[in-house]
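Data first, discussion second: the structure below is written as structure tokens.
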Amino acid sequence: MPQPTKGARLGGSPAHQRLMLANLATSLFKHGKITTTEAKARKLRPYAERLVTFAKRGDLASRRRAIAKMTEKDVTHELFDSIASRYTNRDGGYTRIVKIGPRKGDNAPMAVIELVEELAEAPKPKRKPATRKAAKAEAVEALAGGDDEATDEPKAAEAKADDSKKSDDE
């Protein structure tokens, strides 16, 4: 007797469902994001996250389990080599599901499931000092830090200011 499943039935036999999830996971790791129905995306999410967790472990047994659950061996190698290294500091939540509205033909609710990208912190832009006083204060801070480039700029700014004063006096 077939065992009842949690969540939506995706149609077909349990073997068909397993292969469908394996194909969806392979496509997700190959392309980074895929468009599918919401029900398939919700079933795929824990399946794919478990595979990323196997890849983060990185041992031979985990690699063999992942190969058994995916359809393309080269995508499994990509998962273990590049994708797992992206999520070393993250404990779960490797995928995101975004609903995109109904499909045109049969009005099925559609969604995009994608791998979450780790955001690198953007460097803060350096601001220019508004006055000579601020430039001197930054130069003092730079001297304390030992930065040679910062000391050259205020001297050049002071020289320009002195030149402008001389031209005003004439």
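With neighbour counts taken as other beta-carbon atoms within 10 Å, the residues MET1, MET70 rank, fewest first, as MET1, MET70.
Modelled spin labels at ALA68 and ASN89, positioned 7 Å past Cα toward Cβ, are 3.4 nm from each other. For segment 80-91, putting each phi into the Karplus relation 6.51 cos²θ - 1.76 cosθ + 1.60 with θ = phi - 60° gives couplings of 6, 7, 9, 6, 5, 5, 5, 10, 5, 9, 10, 9 Hz, in residue order, rounded to whole numbers and with x for Gly and Pro.
Coordinate-derived values only; no laboratory data. A quick note: this is a predicted structure, and the numbers were derived from the prediction, not measured. Note: ideal-geometry Cβ built from the backbone for every residue, glycine included; neighbour counts use all protein chains shown.
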